[in-house]
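Take a look at the structure set out below.
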Amino acid sequence: MSALQDVINNIILFERTGDRLYNRIFVVSAFSGVTDILLENKKTGEPGVYHRIAMYQDFHEPLQSLIIRLKAINKKYAGLGLDLTVADEFIEKHVMQAQIYLEDLANILASGYVSKEGILQAAREILASIGESHSAFVFANVLQNMNINATLVDLGGFGDHKAFTIDQRIKHDFKNINFEHTICIVTGYAKGTEGIMREFDRGYSEVTFSKIAAFLKPHEAIIHKEYHLSTADPAIVGAENCTPVGYTNYDITDQLADVGMEAIHPKASKPLEINGINLRIKNTFQPSHPGTLITRDFICEHKRVEVITGTDKLLVIDVYDPLMVGNVGSDLKIMQIFYEHGISYTFKATSANSISIVIWERDFLKKLVDDLEDDFEKITVEKVAMVCLLGSNMDQPGLLAKSALALTGKGINIKCGGFALRKVNIQFLVAREHFKIAIIALNEAMG
């Protein structure tokens, strides 16, 4: 969204004029960095306005700073035709109304009479809505001032006291729109009784996108990114050593999401997959390129690896106990402890007396190890990286040997590895310092 001029040229106007501009719906995220200010920095965890409320601290000054920041963003788009007076008034009114809601929540929270969790979840929802309401308003206003019929659909529900679910709100807000004669600019945040952030947190824009698609049943849904869905990360292997994937299926997008390389949030992809709606991932800055088409049934015609990916932000927790061998229920007991701490795993391997489980480092709790140690003899925790080969049709003799040889040829020790019977994802655990070297080695071997 921050490259709004490119979005207009390369998406809205690209090879379209007149009525061909219309019959499209665009779900927008907040401008870059805004949700980080409102909630917390997605990468660093630096606290935002939300955390001041959660810590019973004054949040008025940060909200005033937010207004200044959003007005500065507005000023950037005056050259595109944004009506600054109208846009600044909108954001002032919106943030001040949010402040009233948040003050009420903070007062209730301070009373100690209600659940802290529910109040803070509501605060998180209110704050998150501000970013998308702002960006959608700016986008729609710019298009309207270009004499394009744009309809702002703000699913944030500010001032709307109707007890809608998210699906009901979508149905309500779209029911009277004549799509053939307008472009809809829709907020990525959608207010609902179930709370979109309660389940999806920062992945909510894609969830709104998929819910709208499931309701309206388009032939194709498109996610515009600042890069292609590529066979490997160009920042690691070099742009000249990878290509756009072209075609794949929803199973592979789930595998990507499992190691943090989301083409789409896995819970957002399910409504599309279930309804048979194809998803295309396009690079905003290469509008003529078809991008990657994701379908439910695609199987690559030839045996090949489609994507090489991974992450270096994992921990492996090895649970050892000599009494495991032949003992029914050891795995169940371990998984119950993980469940009690709300921790999901991305990989698991077993031997007679040990079970190795890989989790995201950000999810690690010392209490998890303490609880495991209560029931098992030895718990080892180690920082690791994971590298993966993904493909819809890559089950071929020698692939595992070829991969291992590529890694060992670079002096990389494979700490652990494995794959499920369907062989759509072959995974290797390696030392973190070998992560990039491993990705490059596998990419060279499969090229």
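The values are calculated or read from the model by the stated rules, or taken from the named source; none is laboratory data. Bear in mind the structure is a predicted one, so any value in this text is a computation, not a measurement. Neighbour counts are summed over all protein chains in view; Cβ atoms, including those assigned to glycine, are modelled from backbone coordinates with ideal geometry. Surface accessibility is based on the protein's heavy atoms, side chains included, excluding ligands, DNA and RNA. Shrake-Rupley method; radii C 1.70, N 1.55, O 1.52, S 1.80 Å.
Details
- Sequence-distant residues sharing a close amide H with Arg280 (under 5 Å, placed H): Ala221, Ile222, Ile223, Ile294
- Cleavage-rule hits, GluC sites (Glu not before Pro), the range 1-101, DSSP coil, Cβ neighbours within 10 Å at most 12: Glu15
- Once all protein chains are placed together, Ser29 keeps about 50 Å² accessible to a 1.4 angstrom probe.
- P(r) weight above 25 Å for the range 45-184, C-alpha pairs, percent: 38 percent
- Global form of the chain, assessed from the alpha-carbon gyration tensor, a/c cut-off 1.5: oblate
- With only the Cα atoms considered, the range 54-106 has a convex hull volume of 66 Å³ per residue.
- Relative contact order [Cα under 8 Å, 6+ residues apart], the range 51-139, whole percent: 31 percent
- Listed pairs Lys270/Lys303; Lys383/Lys415; Lys42/Lys225; Lys225/Lys383; Lys415/Lys436 exceeding 20 Å between Cα atoms: Lys270/Lys303; Lys225/Lys383
- Full-stretch length increase - Glu373, Glu180 - with 0.36 nm per residue and alpha-carbon distance subtracted: 63.2 nm
- Between Thr165 and Thr17, the simple label model (points 7 Å from Cα in the Cβ direction) yields a spacing of 4.6 nm.
- The chain: DSSP helices with Cα axial extent of at least 30 Å and average Kyte-Doolittle hydropathy no lower than -0.5: 84-111, 116-144
- Cα gyration tensor of the range 214-256 - equivalent ellipsoid semi-axes, whole Å, descending: 26, 12, 9
- Gained length - Lys333 relative to Leu400, 0.36 nm times residue gap less alpha-carbon distance: 20.9 nm
- Of the GluC sites (Glu not before Pro) found in the range 369-438, the ones in coil according to DSSP and having at most 16 other Cβ atoms within 10 Å of their Cβ are Glu377.
- Loop exposure criterion: trypsin sites (Lys or Arg not before Pro), DSSP state outside H, G, I, E and B, at most 10 other Cβ atoms within 10 Å. Applied to the chain, the longest stretch between such sites is 176-421.
- Summing charges over neighbours of Tyr339, with a neighbour being any other residue whose Cβ is under 15 Å away from its Cβ, gives -2 when K and R count +1 and D and E count -1.
- When Rg and the Kirkwood Rh are both derived from Cα coordinates, the Rg/Rh ratio for the range 5-44 amounts to 1.20.
- Antiparallel content of DSSP bridges confined to the chain, in %, to 5: 70 percent
- Size of the range 329-440 as Cα extents on the principal axes (Å, biggest first): 42, 30, 25
- Helical contribution to [θ] at 222 nm, DSSP H n ≥ 4, -39,500 (n - 2.57), averaged over the chain, rounded to 500: -12500 deg cm²/dmol
- Neighbourhood charge, 9 Å Cβ-Cβ cut-off, centred on Leu293 and excluding it, Lys, Arg +1 and Asp, Glu -1: 0
- For the range 92-189, the set of chymotrypsin sites (Phe, Trp or Tyr not before Pro) satisfying both a DSSP loop assignment and a count of at most 12 other C-beta atoms within 10 Å is given as Tyr113.
- The range 139-159 and the range 45-108 have Cα centres separated by 19 Å.
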